[in-house]
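None of the figures in this text is laboratory data; all of them are computed from the coordinates on show. Small disclaimer: the values here were computed from a predicted structure and weren't measured. Reconstructed Cβ throughout: ideal geometry from the backbone, glycine too, with neighbour counts over all protein chains shown.
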Amino acid sequence: MKENDEWYTPAEIIRSLGDFDLDPATSVEAYRLNQSAKHIYTLEEDGLKQPWNGRVWLNPPYSNPLAKRFLEKMAEHNNGIALVFSKIEAKWFHDVVLGHATAVKFLYARIRFFRPDGTKGMQPRNGSMLVAYGTENAVILMNNTLKGKFVFL
């Protein structure tokens, strides 16, 4: 059984999307592995309570209601790309992604996230999607080389 909610995005995914100004939902350990953005907020700083500026990279905690709350803040900010499970049946997908995002890229392969010790985890049960908020981020996502299906919303 998984010990915690800490699973870190491989750096090559983030790098394929360009530079980000803020990662509001990360940890020092994750940042050491993927250098996600110029500025970060950790659990202790609570990215939901902090101001968001610039282009945001978001791999939120996947537990509810945190995932939905982070995606709602991303929708309000409307400048960034989020990585979440492809749960098209979930209420948050319909309310926050379909209702507010600019585009989605459903990734072909399942992402093997990193564990806190730096080793790659097993293949997850769910596929993932990248969600773009804002036209510039949708264009970046459309031209991204990760294998998957891009859809404007």
Rounded to the nearest 0.05, what FRET efficiency is calculated for residue 91 and residue 149 with R0 set to 22 Å and r the Cβ-Cβ distance? 0.45
Could you derive backbone 3J(HN,Hα) for the stretch 81-91 from the dihedral phi with the Karplus parameters 6.51, -1.76 and 1.60 (θ = phi - 60°), listing whole Hz in sequence and x where the residue is Gly or Pro? 10, 10, 10, 9, 5, 7, 9, 5, 8, 6, 4
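Within the stretch 11-152, what percent of beta bridges assigned by DSSP are antiparallel, to the nearest 5? Provide the component values of the computation, followed by the final result.
On the way: 16 of 22 bridges.
Of those bridges, close to 75 percent are antiparallel.
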Structure shown: which of 87/147; 73/105; 49/149; 87/149; 38/73; 38/87 lie over 24 Å apart, alpha-carbon to alpha-carbon? 49/149; 38/87
Taking the dipole about the Cα centre of the chain, with the C-beta of Lys and Arg at +1 and of Asp and Glu at -1, give me whichever of 81, 30, 93 is farthest to the positive side. 93
Looking at [x] 34, 32, 28; [y] 37, 33, 29; [z] 56, 35, 33, which value of Cα extents along the principal axes in Å comes from a calculation on the structure shown? [y]
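Counting alpha carbon pairs within less than 8 Å and at least 6 residues apart, what relative contact order, in whole percent, applies to the chain? Let's see the in-between values first.
Numbers: 292 pairs, mean separation 36.0, N = 153.
It rounds to 24 percent for the chain.
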Return 131, 139 ranked ascending by Cβ neighbour count within 10 Å, so the fewest neighbours appear first. 139, 131
